[in-house]
1. So what J values fall out for segment 63-69 if you push phi through Karplus, 6.51 cos²θ - 1.76 cosθ + 1.60 with θ = phi - 60°, rounded to Hz, Gly and Pro as x?
2. For segment 207-303, which GluC sites (Glu not before Pro) are both in a DSSP coil and crowded by at most 15 other Cβ atoms within 10 Å?
3. Please identify the trypsin sites (Lys or Arg not before Pro) of segment 219-302 that satisfy two criteria: DSSP loop assignment and at most 16 other Cβ atoms within 10 Å. Which are they?
4. Could you put Glu112, Glu132 in order, starting from the residue whose Cβ has the fewest other Cβ atoms within 10 Å?
5. Per 0.36 nm of contour for each residue apart, how much would the distance between Glu237 and Thr140 grow if the chain were fully extended, relative to their Cα-Cα spacing?
6. Which order, highest average first, do 208-220, 22-34 follow once you tally other Cβ atoms within 10 Å for each residue and take the mean per peptide?
7. Mind sorting Tyr186, Tyr120 by how few other Cβ atoms lie within 10 Å of their own Cβ, fewest first?
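Throughout, read-outs are computed from the coordinates displayed, never taken from laboratory work. Quick caveat: nothing in here was measured; it's all calculated off a predicted structure. Note: ideal-geometry Cβ built from the backbone for every residue, glycine included; neighbour counts use all protein chains shown.
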Amino acid sequence: MRWVLLLLLLAGCRWPAPTWDVAADADVARGAYLGEHVALCTTCHSPRDWRYYGGPLDPERRGAGGDEYATMFVLPPEVSMKGTNITPYALADWSDGELARAIHGGRNADGEALFLGMPYNVFRAMSQSDLEAVIAWLRTLPTVENDVPPHDWVWPFLASVVDSFPSPAVAPKRHPEPGTVANGRYIATLSSCSWCHSPIDGLGWPLPGKQWSGGQCFDVKQPGAGRVCSPNITPHETGIGTWTREAFVARFRGMTPDNVRKQQVAPGGFNSPMAWSAYAGLSEQDLSDLYDYLMTLPPKKSVVARWTPAAE
């Protein structure tokens, strides 16, 4: 019903790609940090190795696209939905303005709507300096030749939905200062923590009043692994209310790519779609700020059954 209301009640509007160039001194290192460890551009747009916990990406094919994501969204079972190539092989002809429009507004270079699985609704909170940094970093990715078929079946529907969104508001010029709760909120927003850690209705919308309380479930990519559901991350005792800041930071920082590749997940064993090996690269300061922000959320009692093994 909500999709119907969007289609019928909201006027459509397409906004053109801005005509500007990223500054020559854009902070590529900051862009790499955001793209690799916060917004997870390379995680979603790379093949992942589901033999290991959290599916670390294939380092030789960073940004090449091709991994299947249909099961992570409310889509018909016969639909194939794959991450696209974001290396210069696919984006060389895109202007900086077109990349900015894609990240903030959900349109490709031709003005067509991007699949709603890309969280451009939250990327609109990305500051101008960070947006430029990410675009500058994308230009530096090693070129990987890989053609990913377009998802033509969704365009008529998506165009109507995305046309209904207002043009992106002017983003802040700079990201919040590290060491603040505002910075923790910023990291949580760009990482889409709420989307993965909120139960959703049949159309993929977070259930009102239950955000952050866990319970969204995903089919794990490894054959026979079953379904895993996200945990409660509110400061309730059924969530992370008993966690210390030190334990929270250590949980992330210990899941480096080298560590997760030391032990394979047994066939049919527990795995998770959460990109632990990417989040392990978050700085201790950002993780500490993220913890402080999560502790400001309303505590919500929610006991989640984390894993349902596949039926034999």
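1. For segment 63-69, the Karplus curve yields x, 6, x, x, 6, 8, 10 Hz.
2. Details: sites: Glu237, Glu246, Glu284; in loops: Glu237.
Counting only loop positions with at most 15 other Cβ atoms within 10 Å, the GluC sites (Glu not before Pro) in segment 207-303 are Glu237.
3. Details: sites: Lys221, Arg227, Arg245, Arg251, Arg253, Arg261, Lys262, Lys300, Lys301; in loops: Lys221, Arg261, Lys262, Lys300, Lys301.
Qualifying residues, ordered by number: Arg261, Lys262, Lys301.
4. Numbers: Glu112 15, Glu132 24.
Ordered by Cβ neighbours within 10 Å, fewest first: Glu112, Glu132.
5. Working: separation 97, 0.36 × 97 = 34.92 nm, distance 4.38 nm.
Length gained, Glu237 through Thr140: 30.5 nm.
6. Values: 208-220: 18.3, 22-34: 16.8.
Most protected by this proxy first, the peptides run 208-220, 22-34.
7. Details: Tyr186 25, Tyr120 21.
So the ranking, lowest neighbour count to highest, is Tyr120, Tyr186.
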